[in-house]
Amino acid sequence: MTPPSPFIAEDTLPSSYAELLIQARRSAKRRLAAAVGRVRRTGVRVQAIFAEGLPADEILRAARRARADLIVMGTHGRTGVSRVFMGSVAERVVRESRCPVLTVRAHGR
């Protein structure tokens with residue numbers, strides 16, 4: 001989970017930044033649990049790791065800790081200006097990973 005920005009429009013902010021973090025964590029954990037449930041129903045063994053911080057850093061750290069043989073991750077396929085400004089988590093993971101990385105482009109693209 002990338003920590004939410006404290007620079008969000010005031011009318012969308014909860015009463016405090018701490019409440020914003022609590023809501024973001026709850027939402028991220030619900031989405032993670034739902035994804036794990038979908039994968040388990042297919043018969044695949046899965047272990048979920050909830051981490052908070054910069055996505056590429058956390059993915060690389062988790063892969064090192066788990067002594068991963070392979071990282072599989074989705075990519076949005078951004079190009080051009082949006083990639084320059086947004087960066088690419090997948091690109092950084094591919095560049096810095098100690099193990100192979102398989103990137104999968106999102107459906108419908």
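Here are some notes:
- Of all the residues in the range 25-74, those that are of a type in the set (Lys, Arg) and not assigned by TED's automatic domain parsing to the domain that holds HIS107 number 9.
- Tally, over the range 32-78, of residues that are at pLDDT 95 or above, assigned to a helix (DSSP H, G or I) and not aliphatic (A, V, I, L, M): 9
- Yes/no for ILE22 being in a helix (DSSP H, G or I) and either at pLDDT 90 or above or closer than 19 Å to VAL104 by Cβ (or both): no
- For VAL93: the one exception among (1) surrounded by fewer than 11 Cβ atoms within 10 Å (Cβ to Cβ); (2) at pLDDT 90 or above; (3) assigned to a helix (DSSP H, G or I): (1)
The values are calculated or read from the model by the stated rules, or taken from the named source; none is laboratory data. Since the structure is predicted, the reported quantities are computational estimates derived from the model, not experimental observations. Reconstructed Cβ throughout: ideal geometry from the backbone, glycine too, with neighbour counts over all protein chains shown.
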